[in-house]
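The values are calculated or read from the model by the stated rules, or taken from the named source; none is laboratory data. Note that this is a predicted model, so its numbers are computed, not measured. Please note: Cβ atoms are built from the backbone with ideal geometry, for glycine as well, and neighbour counts cover all protein chains shown. The area values use the complete protein model at the heavy-atom level, side chains included, leaving out ligands, DNA and RNA. Shrake-Rupley method; radii C 1.70, N 1.55, O 1.52, S 1.80 Å.
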Amino acid sequence: MADNSVRVGPDPLSFEQVAAVARDGAAVSLTDEALKLVGESRAHIEELSARPLPVYGVSTGFGALATRHIPPEMRAQLQLNIVRSHAAGSGMEVEREVVRALMLLRLHTLATGRTGVQPVTARTLADLLNAGITPQVFEHGSLGCSGDLAPLAHVALALIGEGQVRDADGELRPAADALAEKGITPVKLGAKEGLALLNGTDGMLGMLVLAIRDLHKLLTAADMAAAMSVEALLGTDRVFAADLQELRPHPGQAASAANLRALLAASGIMESHRGPDCTRVQDAYSLRCSPQVNGAARDTLAHAELVAGRELASAVDNPVVLPDGRVESNGNFHGAPIAYVLDFLAIPTADVASMSERRTDRMLDKGRSSGLPAFLADDPGVDSGHMIAQYTQAAIVSELKRLAAPASADSIPSSAMQEDHVSMGWNSARKLRRAVDGLTQVIAIEILTAARALDLRSPLRPGPATAAVVAKLREAVPPPGPDRYLAPEIAAATAMVRDGSLVAAAEAVTGPLS
């Protein structure tokens, strides 16, 4: 196994490890301790399975059918049946990175030795990850309680050589063919294993971890966009002073304001209107209060990161195998802790985008832009400039406001009222992914617009950091001129926000930003 592989054992995985496997295709391997624990818990399950006394999940049915005792000769079929029947997803196919994150997190729970699976089952799941085989998982099917049942069932289906998968080249193929090509033998499920493969919150947790990583980068980009807009609109940086921020000691606010000070340092544009001739008393809220809004988003993100860290240290299954051999039913599969923070994050995501759109609109309005041409057009009236780019922002922001409505406040009972309260955490995660993508585009349009405005302030010069951002953007987007096809420029700016290259250009001047 390569040195850069992710070692999976009972210890918590890190955010970086999840992203490495999910996004970068890093290999995985099970630690010796994991294999030892898995073997020990499997021995407990085998011993319980031989007893005449019914044990939930081992020798009984599931959910509302838990009262039926299953005779030994039917238990293998029971495990196959639960996987096949629960693989009932529908809708759009889920992204590869989400499925790989889900697979890794389920593997981690198996590696804790609390689920009772066979060692070969855990090894085979690792083999699928290493072969680049990604089971086809669909968007609808999880209620976020009893785990992400349908999504995990589609993964389990591939483990037994059934269903559809995408191979390392992205081709959709029968699982049996893809496994055979890589020399992977399908798993023959034993007692409890079907249930152990399905009863986890791994999908919603994987999406939370990936969203947290994305939002860390995006909130730095949001500070950068705000700094460029403050500069372009001849705003003041005095409100970002450290002593003013200390009067309200929120850590996120302090970090955001520090970013703004660093980004606006040595700006010729800012210096041009500091003198006694400046009649501006104060800036609009979208400029003046950007550290308060972006900072509150950072503090919400810090809470979500705390919850995600606890979840990465968890072993979620029902029933669980305890070190003393007891197999106990529990409620840890309920997704509420994850669902809540997924929904919490959707709120500041929408609000940060909303403030970004307001700054963009201000740069385009001749009456509020401190001397910039209407819509930043080359020849207003003949040219429309960035008029419709702001429309695009507004359309996205409107959608983000709808996505900020919580999914976790809803519950639809299932399983004949046995599962009478569910978290809807998977739905919270799916809408947060859409929201993060929307925020990326909104910030990109603000940066695109602010860069054009800064160029139009010539011969006044922006600060070294924001000038570096404009120069980086100009590698893909031409400077101001007559109207041209704008969609590719928005796409190019969005890609540069997403890959972090614009923030990196600023940090080459400022040093690391928060």
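Restricting segment 277-299 to residues that are open to solvent by 60 Å² or more (accessible area, probe 1.4 Å) and over 34 Å from the mean Cα position of the chain (by Cα) leaves a set whose member that is farthest from THR220 (Cα to Cα) is ASP277.
In summary, SER142 fulfils each of the numbered conditions (1) in contact with a Gly (Cβ under 9 Å, 6 or more places away or on another chain); (2) farther than 27 Å from ALA34 by Cα; (3) hydroxyl-bearing (Ser, Thr, Tyr); (4) open to solvent by 10 Å² or more (accessible area, probe 1.4 Å) with the single exception of condition (4).
Could you list, in sequence order, the residues of segment 194-217 that are assigned to a helix (DSSP H, G or I) and touching a Ser or Thr at 6+ places or on another chain (Cβ under 6 Å)?
Result: ALA196, single match.
Note on segment 343-375: residues that are more than 16 Å from HIS386 (Cα to Cα), of a type outside the set (Phe, Trp, Tyr) and touching a helix residue (DSSP H, G or I) at 6+ places or on another chain (Cβ under 8 Å) total 12. So for segment 93-105 (the condition being touching a strand residue (DSSP E or B) at 6+ places or on another chain (Cβ under 7 Å), surrounded by fewer than 22 Cβ atoms within 10 Å (Cβ to Cβ) and not β-branched (Val, Ile, Thr)), does at least one residue qualify? Yes.
Matching residues to (1) part of a helix (DSSP H, G or I); (2) open to solvent by less than 60 Å² (accessible area, probe 1.4 Å); (3) not β-branched (Val, Ile, Thr):
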site	(1), (2), (3)
LEU454	yes, yes, yes
PRO459	no, no, yes
PRO462	no, yes, yes
ALA465	yes, yes, yes
GLU475	no, no, yes
PRO480	no, yes, yes
ASP483	no, no, yes
ILE490	yes, yes, no
ALA495	yes, yes, yes
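The single condition among (1) within 18 Å of GLN17 (Cα to Cα); (2) touching a helix residue (DSSP H, G or I) at 6+ places or on another chain (Cβ under 7 Å); (3) open to solvent by less than 10 Å² (accessible area, probe 1.4 Å) that THR112 does not meet is (3). Comparison of SER314, SER272, SER329 shows that the only residue that is out of contact with any strand residue (DSSP E or B) (no Cβ under 6 Å at 6 or more places or on another chain), closer than 30 Å to ILE412 by Cβ and open to solvent by 50 Å² or more (accessible area, probe 1.4 Å) is SER329.
The requirement of being open to solvent by less than 20 Å² (accessible area, probe 1.4 Å) and either at pLDDT 75 or above or of a type in the set (Gly, Ala, Ser) (or both) is satisfied by GLN79.
Examine segment 316-338 for a residue that is touching a Pro at 6+ places or on another chain (Cβ under 9 Å), closer than 30 Å to ARG106 by Cα and touching a residue at least 60 places away in the same chain (Cβ under 8 Å), and state whether such a residue exists. Taking every residue of segment 316-338 in turn, at least one turns out to be touching a Pro at 6+ places or on another chain (Cβ under 9 Å), closer than 30 Å to ARG106 by Cα and touching a residue at least 60 places away in the same chain (Cβ under 8 Å). Against the condition hydrophobic (A, V, I, L, M, F, W, C), farther than 17 Å from ALA435 by Cβ and open to solvent by 10 Å² or more (accessible area, probe 1.4 Å), how does LEU198 come out, does it pass? Taking the combined requirement at face value, the residue does not satisfy it. Which pairs do you get when a residue that is outside any loop (DSSP other than H, G, I, E, B), found in segment 126-143, comes within reach of a residue that is aromatic (Phe, Trp, Tyr), reach meaning Cβ atoms under 9 angstrom, with the pair 6+ apart or on two chains? Final answer for the pair search is GLU139/TRP426; HIS140/TRP426. Once segment 349-369 is narrowed to residues that are open to solvent by 20 Å² or more (accessible area, probe 1.4 Å), assigned to a helix (DSSP H, G or I) and not basic (Lys, Arg), the residue that is nearest to LEU205 (Cα to Cα) is ASP351. Out of the residues in segment 33-61 that are over 22 Å from ALA122 (Cα atoms) and modelled with pLDDT under 70, state the one that is farthest from the chain's Cα centre (by Cα). The qualifying residue farthest from the chain's Cα centre (by Cα) is THR60.
Can you give me the number of residues within segment 230-249 that are part of a loop (DSSP other than H, G, I, E, B) and either exposed (fewer than 13 other Cβ atoms within 10 Å of the Cβ) or in contact with a Ser or Thr (Cβ under 9 Å, 6 or more places away or on another chain) (or both)? Counting residues in segment 230-249 that are part of a loop (DSSP other than H, G, I, E, B) and either exposed (fewer than 13 other Cβ atoms within 10 Å of the Cβ) or in contact with a Ser or Thr (Cβ under 9 Å, 6 or more places away or on another chain) (or both) gives 9. Looking only at residues of segment 250-274 that are in a helix (DSSP H, G or I), free of Cβ contacts under 8 Å to residues at least 60 places away in the same chain and out of contact with any Pro (no Cβ under 7 Å at 6 or more places or on another chain), we find that the one that is nearest to LEU448 (Cα to Cα) is ARG261.
Out of SER408, SER423, which single residue is in a loop (DSSP other than H, G, I, E, B) and open to solvent by less than 10 Å² (accessible area, probe 1.4 Å)? Among SER408, SER423, only SER423 is in a loop (DSSP other than H, G, I, E, B) and open to solvent by less than 10 Å² (accessible area, probe 1.4 Å). When each of LEU342, LEU287, LEU301, LEU306 is tested for being assigned to a helix (DSSP H, G or I) and without any contact (Cβ under 8 Å) to a residue 24 or more places away in the chain, the lone residue that passes is LEU306.
Filtered by the rule that a residue be in contact (Cβ under 8 Å) with a residue 40 or more places away in the chain, within 20 Å of GLY132 (Cα to Cα) and open to solvent by 30 Å² or more (accessible area, probe 1.4 Å), segment 18-47 gives ARG23, GLY25.
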